[in-house]
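The values are calculated or read from the model by the stated rules, or taken from the named source; none is laboratory data. Since we're looking at a predicted model, the values are computed, not measured. Glycine gets a Cβ as well: all are built from the backbone with ideal geometry, and neighbour counts include every protein chain shown. To get the accessible areas, we keep the full protein, side chains included, count just its heavy atoms, and leave off ligands, DNA and RNA. Shrake-Rupley method; radii C 1.70, N 1.55, O 1.52, S 1.80 Å.
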Amino acid sequence: LDCDITFPLYGAWRGTVSVHSPNAPISGQVILSFADNEGSGTPVLLVGYVALGTGGSRYQETADVVVVGGFGGLSDVIEPRSYQSATAKMIVDDIMTATGESLSLLSDMDALAQSLQWWVRPRGTAGAGLTDLCRHLGLVWRVQLDGRTWIGRETWPDVKYSADILDHDTAQRTLTIDSEYPSILPGMIWQGQKVQQVGIQVGAESNRTLIRYDDDFATTLRKV
């Protein structure tokens, strides 16, 4: 019926989805399909899972669920482990195996080939373990549309996508465009701006995409 999905620069995308569901509560792995992107005939598929405790909210055969990108393991708590002379990929693979998540083949394998003389993974969620490792190595991680986890350095590719700009708030550094497809994503450059976060709102009244961008000065200031 409608959905509101946020794609961050770091971590897993997350959305609230309202669906017509007269039968059993929705749970487990789900796929969100955005039918026909720009008339290409190819749907855009988002692979995620229903967050625990959110699939049973129902009113008049309508269910409101929270969908998180991935395969359901990023919030799992994993036990501590220490490493000696291990590559970053070995550490990441252990996290993926323990949680049922999947590392994207598009990840920066050269960066993940870095060797760490010592590394201790404390007890905590898989997402926190990835964040600690990436912060140490100067990398980022985020869940892609297909549910797989991408890890690497930002390359900021320029995306060509035609859309009407409905509003531009230079103070908040946001662009609102007339689009209902996840074609512009964090880590890309659109209209000369580095995209930091994207929010897609699809509903009966209107379809909008809110793009939050950043510039080099703002990035430097935030680091300081």
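General observations
- GNM remark for the chain: springs join alpha carbons under 10 Å apart, and the peak mean-square fluctuation among Leu103, Leu166, Leu145 falls on Leu166.
- Counting all C-alpha pairs of the range 78-123, share separated by more than 18 Å (%): 28 percent
- Label zone at Asp93 (point 7 Å along Cα-to-Cβ), backbone N below 13 Å, the range 108-147: 112-114
- Sequence-distant residues sharing a close amide H with Arg121 (under 5 Å, placed H): Arg81, Ser82, Tyr83
- ³J(HN,Hα), Karplus 6.51/-1.76/1.60, whole Hz, each residue of the range 147-158, x for Gly, Pro: x, 7, 8, 9, 10, x, 9, 5, 10, 6, x, 8
- Electrostatic dipole magnitude of the range 150-213 [Cβ: Lys, Arg +1; Asp, Glu -1; Cα centre; debye, to 20]: 320 debye
- Taking all protein chains together and rolling a 1.4 Å probe, Tyr161 ends up with roughly 30 Å² accessible.
- In Hz, Karplus ³J(HN,Hα) per residue of the range 121-126 (6.51, -1.76, 1.60; θ = phi - 60°; x = Gly, Pro): 9, x, 5, x, 6, 4
- The range 58-201, dipole about Cα centre (Lys/Arg Cβ +1, Asp/Glu Cβ -1), debye to the nearest 20: 540 debye
- A full extension of the chain between Asp110 and Asn207 corresponds to an added length of 31.0 nm, given 0.36 nm per residue minus the alpha carbon distance.
- Accessible surface of the chain, 1.4 Å probe, proportion on carbon and sulfur as whole %: 51 percent
- Restricted to Cα atoms, the range 43-155 shows a radius of gyration and a Dmax of 15.9, 57 angstrom.
- Mean residue ellipticity (222 nm) of the chain, computed from DSSP H runs ≥ 4 via -39,500 (n - 2.57), nearest 500: -4500 deg cm²/dmol
- Cα point-scatterer Debye curve for the chain, base-10 log of I(q)/I(0) at q = 0.08 Å⁻¹: -0.33
- Relative protection proxy for 200-207, 67-74, 7-14, from highest mean packing down: 67-74, 7-14, 200-207 (other beta-carbon atoms within 10 angstrom).
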